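Contents: one structure, followed by commentary.
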Amino acid sequence: MSARDTTATEEVAAVVERLATLLAGGNAPANVWPRLAAFASGEVVGSNERAPLRAFERILPRRWRRRPHERVEARVARIVRGGGDAAAELREHPHASWRALGATWRLAERTGAPLGPALRDLAAGFRDLGQSERDVSVALSGPASTSRLVTALPLIGVALGALLGFDTLGVLTGEPVGWLLVAIGVGLLVAGWWWSRTLVRRASKRPTTPGFGLDLVAMGMHGGGAADAIVSEVRSTLRAFRLEPSGIERASPVLELATGAGVPAAELLRAEASLERTRARTDAARAAAKLGVTLMLPLGVCILPAFLALGVAPLLVAVLQRVLS
């Protein structure tokens, strides 16, 4: 898979897996970021596949753009070497996956839970989300392209009339009936564009980190704290890192089930988190498939009438004027 084919979430998943491997190998948490930064710089320098780096640069706020080609790993490593806090730095990142990594790091510090296994679970979840993002993007590309194409139909109609030798543009700009047609056509065109854009945006909307709250609770349970305290700590961490509390409401019932059955709660929590991600992926695919049908509504109600008003009606008026003259 080339760099152009990977999503931002999968890029973060690769970094998380490297972190987990370095920690499992006995590296101290303070030392893993400099190693990752050196590794990342070796990947970037001299490479022709810089699409993920450029994608991150476009969405970074100003405080993250002070060094034009500084990757996240390099910035965090620099902050850590200066005595700063890696989790606090990741909390400011605009991408939810980096903030989720920071939340995992912070919760491990507060609960004493082992960070390495939690990062491996996090990377697996990110890879699943990245695959879902790619699938949904492919499913949405067709309907979105269709929406853009049909929006241009009225303008194509005007150009077609001119190619046929009729002064359709003069009809639209030089006569009261043309002004009326322009007002109707442009109004319908704007309404159809807004309607189609709204449908595409709604179909693209999905949870950024489904089931992540349950994964954090499962990680916190390995720290040996009380279940209620861990759930409360996870809620506050999610708020602090501006992450959705997706699935966290399921934590208490799962913990009660595990306690009553005398089984490890972490496994049940991870299974529930996996189910949340599967549901989110299914819902996103369903919304993308449904979009191909719902886009027919603005096409029939707005775009085609706008085509008639701006493309067909002026052509008929121009034809009648020529015949009568």
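The values are calculated or read from the model by the stated rules, or taken from the named source; none is laboratory data. Not measured: the values here are computed from a predicted model. We place every Cβ from the backbone using ideal geometry, glycine too, and count neighbours over all the protein chains shown.
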Exercise for the section: Specify which of the listed residues (VAL136, VAL190) is part of a helix (DSSP H, G or I), farther than 26 Å from ALA285 by Cβ, out of contact with any strand residue (DSSP E or B) (no Cβ under 9 Å at 6 or more places or on another chain) and of a type in the set (Val, Ile, Thr). Expected result: VAL190
Exercise for the section: Among the candidates SER141, SER196, single out the residue that is polar (S, T, N, Q), at pLDDT below 80 and in a helix (DSSP H, G or I). Expected result: SER141
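Can GLU249 be described as modelled with pLDDT under 85, charged (D, E, K, R), part of a helix (DSSP H, G or I) and surrounded by fewer than 19 Cβ atoms within 10 Å (Cβ to Cβ)?
For GLU249, the condition - modelled with pLDDT under 85, charged (D, E, K, R), part of a helix (DSSP H, G or I) and surrounded by fewer than 19 Cβ atoms within 10 Å (Cβ to Cβ) - is met.
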Exercise for the section: Output yes when any residue across region 282-295 is closer than 30 Å to GLY161 by Cβ and either part of a helix (DSSP H, G or I) or in contact (Cβ under 8 Å) with a residue 60 or more places away in the chain (or both), and no when none is. Expected result: yes
Fill in the blank from the handout: Of (1) at pLDDT below 75; (2) buried (at least 20 other Cβ atoms within 10 Å of the Cβ), ARG58 satisfies every one except (2)
Exercise for the section: Only residues in region 308-325 that are among the β-branched types (Val, Ile, Thr) count as the first member; pair them with residues that are surrounded by fewer than 17 Cβ atoms within 10 Å (Cβ to Cβ), Cβ under 9 angstrom, at least 6 apart or cross-chain, and list the lot. Expected result: VAL317/GLU175; VAL317/VAL177
Handout entry: Residue satisfying all of: in region 160-200; among the small types (Gly, Ala, Ser) and within 27 Å of SER141 (Cα to Cα); surrounded by the most Cβ atoms within 10 Å (Cβ to Cβ) among these
Key = GLY192
Problem - Enumeration of residues in region 261-320 that are among the acidic types (Asp, Glu) and surrounded by fewer than 18 Cβ atoms within 10 Å (Cβ to Cβ) - result: GLU267, ASP283
Completion exercise
Filtering region 154-174 down to residues that are part of a loop (DSSP other than H, G, I, E, B) and either in contact with a Pro (Cβ under 9 Å, 6 or more places away or on another chain) or at pLDDT 75 or above (or both) yields PHE166, ASP167
Handout entry: Selection from region 80-93 of residues that are farther than 16 Å from PHE241 by Cβ and surrounded by 16 or more Cβ atoms within 10 Å (Cβ to Cβ)
Key = VAL80
Problem - Tally of residues being in contact (Cβ under 8 Å) with a residue 40 or more places away in the chain, closer than 22 Å to VAL217 by Cβ and of a type in the set (D, E, K, R) across region 76-119 - result: 4
Handout entry: Among (1) at pLDDT below 75; (2) under 27 Å from the mean Cα position of the chain (by Cα), the one test that ALA284 misses
Key = (1)
Practice task
Identify all residues within region 201-226 that are of a type in the set (A, V, I, L, M, F, W, C) and surrounded by fewer than 18 Cβ atoms within 10 Å (Cβ to Cβ); write none if there are none.
Solution key: ALA226
